[in-house]
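> Pasting a structure below so you can have a look.
Coordinate-derived values only; no laboratory data. What you are looking at is a predicted structure, and each value in this text was computed from that prediction instead of being measured. Cβ: placed from backbone, ideal geometry, glycine included. Neighbour counts: every protein chain shown.
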Amino acid sequence: MKYYIIDAFTDRLFAGNPAAVCLLQEPLADEVMASIAREMNLSETAFVLWENDAWRLRWFTPTVEVPLCGHGTLATARALREAGIVTDDEVYFRSLSGDLAARYQEDWIELDFPSLPPTPAPVPAGVLDALKLDSAPRWTGVNAHRYWLLDLGSAAAVRVLAPDRAATMAIDLPGIVVTGAGDAPYDFTSRFFAPADGIFEDPVTGSAHAALAPYWSSVLGKTDFVAYQASSRGGILKVRLAGDRVLIAGETVVVATGDLRIP
């Protein structure tokens with residue numbers, strides 16, 4: 001089985017968010033895909049299969065299947081183009097989060113995701129202490145995927161955040177998004193933690209921007225953004241809120257390719 005390792009949301013090696021992409025020729029059992037994801041040991045491994053006239057796309061962390069993965073979708077679109085399988089300007093996927101589209105735009109790939117706006121809510125007990133915040137967030141809320149969004153006010157506050165790793169990983173939440181107004185040329189900055197999925201900090205998170213775009217649209221009164229995710233690897237995203245959809249664009253770099261031997 002052919003696989004790729006691709007850095008997403010970056011134009012250079014060893015930056016952005018790495019994902020493994022497995023090009024399936026036939027369905028695999030869930031436990032086999034979970035084992036492959038553990039073997040790859042990246043934040044997500046994507047599995048894509050042409051079945052019943054559609055590309056079926058699933059994503060696994062080393063510990064759990066997830067319903068939506070932006071960088072894994074971006075990497076899958078690049079792998080299908082790299083392998084010469086998809087030559088059209090668009091490719092469509094069926095996923096646990098519904099139908100998704102990826103559009104090829106020169107060196108960029110644009111994803112079409114559902115908008116998942118957060119609504120105001122107090123954060124669960126233990127979150128603020130685990131994040132070791134110096135002051136209360138400007139705003140907090142949660143979306144339909146249980147991603148909790150905390151606006152810390154500034155990019156500087158996001159960058160210097162130093163959570164307690166053990167305390168953060170003990171929180172049973174699939175997503176904690178910390179964000180703040182960006183420094184030029186970025187409209188906003190963010191970081192993303194996914195303790196329930198076994199991920200302390202995700203390098204660059206496309207799915208988080210399905211919540212960030214509607215939030216920052218309400219704050220800034222605009223719909224087009226350039227965003228930066230301030231992990232140690234870093235990543236740049238172009239984001240557009242289009243009604244009930246969020247368009248998320250990024251660049252990709254192929255790091256490795258090979259053959260996976262499945263009994």
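> Name every residue in segment 116-143 that is buried (at least 19 other Cβ atoms within 10 Å of the Cβ) and among the small types (Gly, Ala, Ser), in order of residue number.
Residues satisfying the conditions are Ala130, Gly141.
> Provide a single number: the residues in segment 83-105 that are closer than 21 Å to Val255 by Cα and touching a helix residue (DSSP H, G or I) at 6+ places or on another chain (Cβ under 6 Å).
2
For every residue, the table says whether it meets (1) in a loop (DSSP other than H, G, I, E, B); (2) touching a residue at least 60 places away in the same chain (Cβ under 8 Å); (3) of a type in the set (A, V, I, L, M).
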{"residue": "Tyr4", "(1), (2), (3)": "no, yes, no"}
{"residue": "Asp11", "(1), (2), (3)": "yes, yes, no"}
{"residue": "Phe14", "(1), (2), (3)": "yes, yes, no"}
{"residue": "Cys22", "(1), (2), (3)": "no, yes, no"}
{"residue": "Gln25", "(1), (2), (3)": "yes, no, no"}
{"residue": "Ala37", "(1), (2), (3)": "no, no, yes"}
{"residue": "Thr45", "(1), (2), (3)": "no, no, no"}
{"residue": "Val48", "(1), (2), (3)": "no, no, yes"}
{"residue": "Thr63", "(1), (2), (3)": "yes, yes, no"}
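> Of the residues in segment 131-144, how many are among the hydrophobic types (A, V, I, L, M, F, W, C) and under 19 Å from the mean Cα position of the chain (by Cα)? Break it down into steps so the answer makes sense when it comes.
In the first step, residues of segment 131-144 are kept if they are among the hydrophobic types (A, V, I, L, M, F, W, C); the result is 131, 133, 136, 139, 142, 144.
The next check asks that each one be under 19 Å from the mean Cα position of the chain (by Cα); those that pass are 142, 144.
Result for segment 131-144: 2.
> Looking at segment 140-153, which of the residues that are of a type outside the set (Asp, Glu) and in contact (Cβ under 8 Å) with a residue 40 or more places away in the chain is nearest to Leu173 (Cα to Cα)? Give the derivation first.
Step one: filter segment 140-153 for residues of a type outside the set (Asp, Glu), giving 140-150, 152-153.
Narrowing the set further to residues that are in contact (Cβ under 8 Å) with a residue 40 or more places away in the chain leaves 141, 143, 145, 147, 149.
Details: Gly141: 13, Asn143: 12, His145: 10, Tyr147: 8, Leu149: 12 Å.
Residue satisfying both the conditions and the ranking: Tyr147.
> Scanning segment 107-130 for residues that are free of Cβ contacts under 8 Å to residues at least 40 places away in the same chain and not in a loop (DSSP other than H, G, I, E, B), which turns out nearest to the chain's Cα centre (by Cα)?
Thr119
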